[in-house]
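For reference, the structure is listed below as structure tokens.
The values are calculated or read from the model by the stated rules, or taken from the named source; none is laboratory data. Note that the structure is predicted; figures quoted are calculated from it, not measured. Counting neighbours? That spans all protein chains shown, and the Cβs are built from the backbone with ideal geometry, glycine included. Side chains are part of the model used for accessible areas, which takes the heavy atoms of the whole protein and leaves out ligands, DNA and RNA. Shrake-Rupley method; radii C 1.70, N 1.55, O 1.52, S 1.80 Å.
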Amino acid sequence: MVRFQWWMVLSLVVVFLAACAEPEGTDNQDVDDQTDTGVGDDVGDGEVEPSYDYYQHAKPLIDARCTGCHVEDSIGGFDLSTYESVYAARLLTEVTLRERTMPPWLASDDCTEYQHSFQLKPDEREVLLSWLDQGAPEGDPANEGAPLEMPSSGLSRVDVELEMPDAYEPQLKPDDYRCFPIDWEGDETQYLTGFNVIPGNPEIVHHVIAFYAGPGLAEEVEQKEADEEGHGYTCFGTPGVGESIGFGEDAVGWLGTWAPGGQGIDFPEGTGIPVEPGSKVILQVHYNTYEGETETDQSSVQFSVEDEVEQQAMYLPWA
């Protein structure tokens, strides 16, 4: 059975994208089409190395590339939203920058381009490393640099929001994978055109995959939940029902994925994933309770919906 990890979730691509292998012997390269900040362009040109400080130079980059995940009270591990928190984590930050493990972006741009990449450009990485090498000076809060212009992302509108029927307290530690069925209440076939997840407890929700199960699988889903104590049922990788991936009475499929930092997504214009009356939306939630006390969660999923679309779509995971 394929084991989907968080880094694989981040690499999932929606609708009609072809994937090709990274050529042997190449490294994961920085995306060249990122917004050019102009910061640090004179590093390495033979002149005296410029001085950098947090507020003018580092903060705009960290806000754009890091704080989507690393904020207070999140599963991101530590907060990077203030100077004090960044300074406290400066040694770990330097290691991840030099090893290029953060921000995590595993998709290769050798054969295609991907939207919404949050990779650091080479000059941005150099600015942060130079700033850290200089002792990570704070600078003047009144002299804060302009924020980076980032591509717009997120779900543009919410037509339907479905919440887990009950709050759940993870039973397995440190990792608990649990599926929560939710009834789809539409009377006619509708098309999902966008997706987002609102984690009920960001401190323990590691990632979420939303599936649909056709109306012919409703009884099987309900039986799986009835067979286990508590809310939902244990699952991993798939919702554990059905054999056909696609559309129709007995089919299952993906509706979307979410990980910390995710803001939702609109599917390509004119496309939509069909959901039939009587279907189930199944939220597979990965809980991680490695740190802190076990708490409860009641997450929800949001969709934008159309009655008709130009092209029927399918969410395909490429790993």
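Computed quantities for the displayed model
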item	result
Meets criteria (closer than 25 Å to VAL158 by Cα, open to solvent by less than 10 Å² (accessible area, probe 1.4 Å) and either touching a helix residue (DSSP H, G or I) at 6+ places or on another chain (Cβ under 8 Å) or polar (S, T, N, Q) (or both)) for GLN312	no
Any hit, region 120-134, residues being under 23 Å from PRO199 (Cβ atoms), in contact (Cβ under 8 Å) with a residue 40 or more places away in the chain and assigned to a loop (DSSP other than H, G, I, E, B)	no
Yes/no for GLY154 being surrounded by 15 or more Cβ atoms within 10 Å (Cβ to Cβ) and either modelled with pLDDT of 95 or more or closer than 25 Å to GLY261 by Cβ (or both)	no
Flag if ARG98 is assigned to a helix (DSSP H, G or I), open to solvent by 70 Å² or more (accessible area, probe 1.4 Å) and in contact with a helix residue (DSSP H, G or I) (Cβ under 8 Å, 6 or more places away or on another chain)	yes
Residue list for region 244-261, restricted to those being open to solvent by less than 40 Å² (accessible area, probe 1.4 Å) and either more than 25 Å from GLY216 (Cβ to Cβ) or over 19 Å from the mean Cα position of the chain (by Cα) (or both)	GLY246, GLY248, ALA251, VAL252, TRP258, ALA259, PRO260, GLY261
Candidate set: region 272-296, residues that are touching a Pro at 6+ places or on another chain (Cβ under 7 Å) and within 18 Å of THR257 (Cβ to Cβ); chosen: the one modelled with the lowest pLDDT	ASN288
Residue list for region 228-264, filter: assigned to a strand (DSSP E or B) and at pLDDT 90 or above	TYR233, THR234, ALA251, VAL252, GLY253, TRP254, LEU255, GLY256, THR257, TRP258
Given (1) open to solvent by less than 40 Å² (accessible area, probe 1.4 Å); (2) outside any loop (DSSP other than H, G, I, E, B); (3) not hydroxyl-bearing (Ser, Thr, Tyr), number of the condition GLU225 does not satisfy	(1)
Qualifying residue in region 176-195 (condition: under 23 Å from GLN263 (Cα atoms), in a loop (DSSP other than H, G, I, E, B) and touching a helix residue (DSSP H, G or I) at 6+ places or on another chain (Cβ under 8 Å))	no
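Residue by residue, here is whether (1) surrounded by 18 or more Cβ atoms within 10 Å (Cβ to Cβ); (2) at pLDDT 95 or above; (3) more than 30 Å from GLU310 (Cα to Cα) holds:
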{"site": "ASP159", "(1), (2), (3)": "no, yes, no"}
{"site": "MET164", "(1), (2), (3)": "yes, yes, yes"}
{"site": "PRO174", "(1), (2), (3)": "no, no, yes"}
{"site": "PHE180", "(1), (2), (3)": "yes, yes, yes"}
{"site": "ALA210", "(1), (2), (3)": "yes, yes, no"}
